[in-house]
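Okay, structure first, notes after.
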Amino acid sequence: MSVETLTIPTQTVAQSRIAELDFHNIEFGKIFSDHMLVADYREGAWQTPQILPYGNMSLSPANSALHYGQSVFEGMKAYRNAESDILLFRPLDNFKRLNISAERMCIPELPEELFMQGLEQLLRLDAAWVPPTAGCALYLRPFIFATDEFIGVRPSSNYRFVVFTCPVGAYYGQPLRVAIEPNYVRSAEGGAGYAKAAGNYGAALYPARQMQEKGYHQLIWTDAREHKYIEESGTMNVMFVIDGVLVTPAVSTTILSGITRKSVLQLARDKGIPVEERKVAVDEIVAAHKAGKLQEAFGTGTAATIAQIATIHYKGEDLELPALEGRTVSNGIAAELDQIKTGQIPDRHNWNYKISL
Ligand code: COI
């Protein structure tokens, strides 16, 4: 397949569903735009993609992804600027991470042109679905899964790459109550924790549900060896402001390298805020709280954006954090990041990929 001048065969919907969408009341992840991009991998090569009406796909009951979890995904967002162009936030970073995840799961590398041109043509077609509303975005969900009809355990020979999109509002509608997980493990050294692999999320559901039943929204995972160091939260990386310093666990093979995470750290450094990427002990967070030095805690993620943490539970105690209004570091960075993504201020790091309509 020559992807340099990729012409994507497109089958459009007879009738758009966009009239059913209330742009001022969008729930996360439940409404899907009209079209999707689909490309298959067979006979050792990615085939010409297609754009099709969003809809169900038929699968063999022996589909190997369903049985053994050979499936990886990404989450990214597109916004509108004042000129009504579409601004896609850091898509090449998502592309690179998708291939890092794919490699870990023995899934063949996806060509950049297929990803970028596929996204661009899909977004041009469904441009009307990019919300003009503040605080909303078009969420893109690229994913690749195995499609062999075979139940022996081995890497599949066939795969499908799909991108669908959905207009979204906030993922978390309120400040979070999180609990530090002292027993279960999300990821261990040598495992696949750095990959955005479907199974990482499935395996986290049971421990998360235990805590949700006790009134917490999310877990904060700790390291697999000692449960001593903080890793990440269910859908986001985590950051703390301790005595004016922005502290976050360094990325490693057990932590997902978040794109919002690195954007937040860059903006903090630009503002001259001291940043430390290192091991963060649970005891340090508890001690900082006791000493009145834990000023802010928040999660960062594409879906979550910057999600404030109100309460941290650890070993029977709820640590209540300072009020949201005084959180100058995270509030300041959140506002600036939002302005960059929506083109209200200069994009000095060239993060936006502009699609002019
Ligand atoms: C994202 O932030 O895009 C994610 O993939 C997290 C979650 C919704 C699974």
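The values are calculated or read from the model by the stated rules, or taken from the named source; none is laboratory data. Remember, it's a predicted structure, so these values are computed and weren't measured experimentally. Heads up, the Cβs are rebuilt from the backbone with ideal geometry, glycines too, and the neighbour counts pull from every protein chain shown.
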Scanning the range 88-100 for residues that are touching a Leu at 6+ places or on another chain (Cβ under 9 Å) and either β-branched (Val, Ile, Thr) or part of a helix (DSSP H, G or I) (or both) gives PRO91, ASN94, PHE95, ARG97, LEU98, ASN99
The lone exception for LYS341 - which of (1) in contact with a strand residue (DSSP E or B) (Cβ under 6 Å, 6 or more places away or on another chain); (2) basic (Lys, Arg); (3) on the phi > 0 side of the Ramachandran plot it fails | (3)
Among the residues of the range 126-149, count how many are more than 26 Å from ILE340 (Cβ to Cβ) and surrounded by 17 or more Cβ atoms within 10 Å (Cβ to Cβ).
-> 6
Is there any pair linking a residue in the range 181-200 that is outside any loop (DSSP other than H, G, I, E, B) and crowded, with 19+ Cβ neighbours inside 10 Å to one that is modelled with pLDDT under 95 and of a type in the set (Phe, Trp, Tyr), with Cβ under 9 Å and at least six apart or on different chains, and which?
-> none
Identify, please: which residue in the range 118-148 is part of a loop (DSSP other than H, G, I, E, B) and more than 16 Å from the ligand (Cβ to nearest atom) and is, among those, nearest to THR10 (Cα to Cα)?
-> ASP126
Please verify whether the range 257-272 includes one or more residues that are surrounded by fewer than 16 Cβ atoms within 10 Å (Cβ to Cβ), part of a strand (DSSP E or B), more than 15 Å from the ligand (Cβ to nearest atom) and among the basic types (Lys, Arg).
-> no
With the checklist (1) farther than 24 Å from GLY169 by Cα; (2) in contact (Cβ under 8 Å) with a residue 24 or more places away in the chain; (3) not charged (D, E, K, R) in hand, flag the one item VAL72 doesn't pass.
-> (1)
Search result, residues across the range 181-221 that are more than 16 Å from the ligand (Cβ to nearest atom) and either modelled with pLDDT under 95 or over 23 Å from VAL72 (Cα atoms) (or both) | GLU181, PRO182, ASN183, GLN210, MET211, GLU213, LYS214, GLY215, TYR216
